[in-house]
Amino acid sequence: MVNNILYNDQIVKRDHVVEIEDRGYQFGDGIYEVIGVYDGEPLLMDEHMRRLERSAREIRLDLPAETDKLKKQLQELVQVNGLEEGIIYLQVSRGVAPRLHEFPSANTKAVTVAYTREEPRETDLEDNGGTAVLTEDIRWLRCDIKTLNLLPNVLAKQKAVENNAIEAILHRGDTVTEASASNVFIVKDGKLYTHPADNYILNGITRQKILQLCDELGLKVYEETYTVDDLLNADEVFISATKTDIAPILKVDDKTIGNGMPGDVTKQLVRAFRSLYEKKKA
Ligand code: PDD
């Protein structure tokens with residue numbers, strides 16, 4: 001039973017109650033990370049810590065501890081919970097203070113919470129893929145920050161689930177941005193395209209790793225915007241996110257992608273991504 005959490009500086013039992021004036025709870029005033037754990041080892045932890053630091057800077061939140069220390073505490077949490085396969089959820093809110101929109105007084109400390117959750121590897125999804133729906137991207141203009149404000153993402157994902165799809169792919173007008181909780185890649189004539197890492201998308205850690213793997217595999221990848229039409233007429237489409245890693249998308253709304261089967265480029269990347277943590281095990 002994964003029953004311990006990190007609460008500020010301490011690992012305690014998971015019977016902690018949320019303070020009603022925690023700004024994360026009231027305003028979504030905070031940031032978070034989700035880190036994959038494979039065979040008891042967090043994957044790409046340093047990259048997640050760097051993104052956390054960036055998110056904190058962008059919303060002017062003082063992290064209560066150095067991320068090096070946080071990293072060790074998260075590793076300890078994984079150990080005491082005996083987590084083999086799953087995720088670490090980490091969030092830092094701007095703290096507990098009387099509910100006023102502006103920042104609280106300088107002596108209000110950010111609140112850090114982390115817990116682990118067992119989740120099996122999504123090998124079936126990686127191998128066989130799923131379908132997606134399209135929906136308008138109604139989020140704010142700082143999607144590059146991993147903040148707790150996820151209501152548009154929640155609504156989009158719900159639409160996917162109600163349509164038996166695994167994801168909702170978002171578009172601003174004609175431009176595909178990303179998905180409700182993942183990044184989107186398309187493949188056309190052997191070349192990959194994904195939205196540039198600007199303020200319209202979260203620069204996924206998985207996305208960044210895929211770009212690196214493409215480079216190593218000699219696959220041409222363009223960080224360029226593409227349209228809904230390009231998506232629907234792509235040879236292959238896949239999404240990427242922590243723990244899902246890479247999932248082929250075989251159909252978007254009513255349009256079958258390519259021949260309706262996971263494509264060769266996607267399969268190659270699924271294999272390459274797997275070897276990142278399988279290599280560690282060996
Ligand atoms: N979501 N884009 C959005 C909007 C996301 O929420 C996520 C991840 C990603 C992929 O990022 P990464 O590869 O770093 O996981 C892209 C996490 C998993 C979540 O909110 O649960």
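The values are calculated or read from the model by the stated rules, or taken from the named source; none is laboratory data. Values in this document were obtained by computation on a predicted structure and should not be read as measured data. Cβ atoms come from the backbone with ideal geometry, glycine included; neighbour counts cover every protein chain shown. Accessible surface is based on the protein model in full, side chains and every heavy atom, while ligands, DNA and RNA are left aside. Shrake-Rupley method; radii C 1.70, N 1.55, O 1.52, S 1.80 Å.
Structure data summary
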{"quantity": "Members of the stretch 161-174 found to be in a loop (DSSP other than H, G, I, E, B) and either buried (at least 21 other Cβ atoms within 10 Å of the Cβ) or among the hydrophobic types (A, V, I, L, M, F, W, C) (or both), listed by number", "calculated": "ALA165, ILE166"}
{"quantity": "Checking SER55 against (1) in contact (Cβ under 8 Å) with a residue 24 or more places away in the chain; (2) within 16 Å of the ligand (Cβ to nearest atom); (3) farther than 14 Å from THR147 by Cα, the condition it does not meet", "calculated": "(3)"}
{"quantity": "Qualifying positions in the stretch 186-213 - within 15 Å of the ligand (Cβ to nearest atom), open to solvent by less than 50 Å² (accessible area, probe 1.4 Å) and not in a loop (DSSP other than H, G, I, E, B)", "calculated": "THR194, ILE205, THR206, ARG207, LYS209, ILE210, LEU211, LEU213"}
{"quantity": "Odd one out for VAL34 among (1) more than 15 Å from the ligand (Cβ to nearest atom); (2) at pLDDT 95 or above; (3) of a type in the set (Val, Ile, Thr)", "calculated": "(1)"}
{"quantity": "Count of residues meeting criterion [within 30 Å of ARG99 (Cα to Cα), of a type in the set (A, V, I, L, M, F, W, C) and touching a residue at least 40 places away in the same chain (Cβ under 8 Å)] in the stretch 24-49", "calculated": "3"}
{"quantity": "Residue that is surrounded by the fewest Cβ atoms within 10 Å (Cβ to Cβ), among those in the stretch 228-245 that are within 18 Å of the chain's Cα centre (by Cα) and assigned to a strand (DSSP E or B)", "calculated": "ALA241"}
{"quantity": "Any hit, the stretch 15-30, residues being aliphatic (A, V, I, L, M) and not in a loop (DSSP other than H, G, I, E, B)", "calculated": "no"}
{"quantity": "Scope the stretch 13-64; condition polar (S, T, N, Q) and over 22 Å from ILE201 (Cβ atoms); matching residues", "calculated": "GLN26"}
{"quantity": "Boolean, LYS251 is part of a strand (DSSP E or B) and in contact (Cβ under 8 Å) with a residue 60 or more places away in the chain", "calculated": "yes"}
{"quantity": "Those residues of the stretch 175-185 which are part of a strand (DSSP E or B), within 14 Å of CYS143 (Cβ to Cβ) and either open to solvent by less than 40 Å² (accessible area, probe 1.4 Å) or of a type in the set (D, E, K, R) (or both), in sequence order", "calculated": "VAL176, THR177, GLU178, ALA179, ASN183, VAL184"}
{"quantity": "When residues of the stretch 141-167 are limited to those that are polar (S, T, N, Q) and away from the ligand (no atom under 14 Å from the Cβ), the one nearest to VAL92 (Cα to Cα)", "calculated": "GLN158"}
{"quantity": "Cβ pairs under 8 Å, 6+ apart, first in the stretch 187-214 and under 14 Å from LEU43 (Cβ atoms) and of a type in the set (Val, Ile, Thr), second assigned to a strand (DSSP E or B) and near the ligand (Cβ under 9 Å from one of its atoms)", "calculated": "THR206/ASN183; THR206/SER240; THR206/ALA241; THR206/ASP245; ILE210/SER240"}
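Table: residues versus (1) at pLDDT below 95; (2) in contact with a Cys (Cβ under 9 Å, 6 or more places away or on another chain).
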| residue | (1), (2) |
| --- | --- |
| THR177 | no, yes |
| LYS191 | no, no |
| ILE205 | no, no |
| GLN208 | no, no |
| GLU216 | no, no |
| GLU223 | no, no |
| ILE239 | no, no |
| ALA247 | no, no |
| TYR277 | yes, no |
